[in-house]
Amino acid sequence: MKLYLLKDYISALQKEDLIDCIPSEIDFSILENTQVEKLSHNSKDTVPNTLYVCKGLNYKPEYLEEAIKNGAICYVAEKENVTKPNFPHIVVKDIRKALACLSCMYYDYPAEKINMIGITGTKGKSTTAYYIKSILDNYMKENGMPDTAILSSIDAYDGKSCKESLITSPESIEIQEHIRNSVDCNMKNFVMEVSSQALMLNRVHDIYYKVGVFLNISEDHISAIEHPNFENYFECKLKIFNQTETACINLDSDYSNIILENSKKAKRVITFSAKDKNADVYGYNIKKQGHNAISFRVRTPKFEQDMLLTMPGLFNVENALAAISIAISLDIPYSNIYEGLKVARASGRMESHVSKDGSIIVIVDYAHNKLSFQKLYESTKQEYPDKKIVTVFGCPGGKAQLRRRDLGTLAGINSNISYLTAEDPGPEDTVEICKEIAGYISKENGNYKIIENRGEAIKNAILENPNSVILITGKGNETRQKYGKQYLPCLTDTEYATEALEEYDKKIS
């Protein structure tokens, strides 16, 4: 990887008009030809010749002291964080944009060397990401090339490592590192979920997407630490079109007219739909096949053929159409699209498990907001009309407070009984969160139980409700639960469900 001089970083910031000032009283002539060996916003991992970036809501002046002690040669900060005025520093207008700009240079602009595919939307980002990864992997394997990198809310795989994700879109420097690793591994495609926070906080600033996908929009992430209102949330999502070559748009989304109008900022637009026959990619004849499969036919500008998904959930056709649109834009043949979709899986998304007597069907899914709950209930009622619906869920603490109202209301209307439990309570008390949700369930005359321990809640829901579909939502296959500021290890929802089903099967045998 190429190493740049300090003056190169200064030039990059100047080019993007990010520099507020460079103190005239500091002589940079000695430093400007110094090679920057590390870029960091973490004072603990600074080393000699580090360019240190003062960033973060929890940033403290002592972090800068530690960075300098560890060898930082210069720091970058906004005015309010210039606490060492006599030490070499650069004052910038926007620290987050500056970090993104510097990160691109530090990793030698890796996004320019790989096909970047960005997926945004309120629901379905992970599933769509894994659908297109499966399609691309099939094509690449057939042609003797490396598989596809992915950065999602499930995990991050870049050819050098595969790690479970804690957030959908990490900080810009981490994103650039993953892209660099993928380029170094000769990968040709990088698929990533693009959250509203990533767009709002400029974590993906300076990344230009070969393909950008807008799946759908619904009210979510509204809180004091996220988005102040729906308008801001929507506006941030739409920013993806400012940095997209080909835009893939879902005509079935709410506000599709606004999304479509904004998508014209891209050089090319591909539309997809399961309702509008005029879409470029149109899915129809959608049919459930057994417990876990869905077939449909798709018409595209290049072919009209049958498709098969082996994941449950009729709404996943929408995600498949998005993946097909991406594939069409990249000139992937039908055979690879078909084979890729047929085997595609997204860990913790619409995982189905059935008891030996067929009485209980357990679906583990990441559904965690209003739109995903609506789609999940609609699909469950269509696919399993003769079974009761039982939902196991909670809501996170310290953010997205509107979910408590939305999910509680939907569960009260659609679920025969809800088991309310821990779901990353963070700084709040689990039981208090559950009580708030329960209030909205009660308004719809719904039934509920509060069981703080998630494993116990899942077990009770399965053992107490024969002839039911048990929907376990919100955590998927995550292996950690957030309490306070700590992430504590736990079993996945799939593991909890499997244990409970085994106990049920023993009782009936």
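Computed from the coordinates by the stated procedures, all read-outs in this text should not be read as laboratory data. Predicted, not measured: the structure shown is a model, and the values here were computed from it. Positions of Cβ are backbone-derived with ideal geometry, glycine not excepted, and every protein chain shown enters the neighbour counts.
Data for the structure
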quantity	calculated
Beta bridges by DSSP in the chain, antiparallel share as percent, to the nearest 5	35 percent
Whole-angstrom gap from segment 167-213 to segment 215-239, using each part's C-alpha centre	20 Å
Given LYS239/LYS265; LYS388/LYS482; LYS287/LYS342, the pairs whose alpha carbons are separated by over 20 Å	LYS388/LYS482
Projected area, mean over directions - the chain, Cα convex hull, nm²	24.3 nm²
Among beta bridges that DSSP assigns inside segment 351-508, antiparallel share in %, nearest 5	30 percent
Residue-span extension gain [HIS291 to GLU235] - 0.36 nm each, minus C-alpha spacing	16.3 nm
Ordering of 263-269, 391-397 by burial proxy (mean other Cβ atoms within 10 Å per residue, highest first)	391-397, 263-269
Dipole moment magnitude, nearest 20 debye, the chain about Cα centre, only Lys, Arg, Asp, Glu C-beta charged	880 debye
Relative contact order for segment 6-106, counting Cα pairs under 8 Å that sit 6 or more residues apart, in percent	31 percent
Loop-located trypsin sites (Lys or Arg not before Pro) in segment 337-406, at most 13 other Cβ atoms within 10 Å (DSSP)	LYS356
Burial order of peptide ranges 25-34, 407-416 (average beta-carbon count within 10 Å, highest first)	407-416, 25-34
Nitroxide proxy distance, nm - points 7 Å out along Cα→Cβ at ASN42 and ASN86	3.2 nm
Alpha-carbon gyration tensor eigenvalues x 5, square-rooted, for segment 110-343, Å	25, 22, 16
Separation of alpha-carbon centers, segment 406-440 and segment 1-79, rounded to whole Å	46 Å
Segment 1-58: trypsin sites (Lys or Arg not before Pro) falling in loop per DSSP and having at most 10 other Cβ within 10 Å	LYS2
Residue-by-residue Karplus 3J(HN,Hα) for segment 67-74, coefficients 6.51, -1.76, 1.60, Hz, glycine and proline x	4, 5, 4, 7, x, 4, 9, 6
Length gained when the stretch CYS185-ARG405 is fully extended (0.36 nm per residue, less Cα-Cα span)	74.6 nm
Theoretical ellipticity at 222 nm over the chain - DSSP helices of four or more residues, -39500 (n - 2.57) apiece, nearest 500	-10500 deg cm²/dmol
Within segment 459-500, GluC sites (Glu not before Pro) in DSSP loop having at most 15 other beta-carbon neighbours inside 10 Å	GLU464
Pairwise label distance in nanometres, GLU164 with VAL431, each label 7 Å out on the Cα-Cβ vector	2.7 nm
Under 5 Å, built H, 5+ apart or other chain: amide partners of ASP155	SER165
Net charge of Cβ neighbours under 12 Å - reference ASP505; Lys, Arg +1; Asp, Glu -1	-1
Leading residue at positive end of dipole, segment 110-343 (Cβ point charges), from PHE296, LEU199, TYR233	PHE296
Theoretical gain in end-to-end length, LYS443 to GLU62 [0.36 nm per residue, Cα-Cα removed]	132.2 nm
Inter-probe distance in nm under a simple model that places probes 7 Å from Cα toward Cβ, at ARG299 and LEU463	5.4 nm
Placed amide H near ALA72: partners under 5 Å, 5+ positions off or other chain	THR50
DSSP-defined antiparallel bridges as percent of all bridges, segment 6-106, nearest 5	15 percent
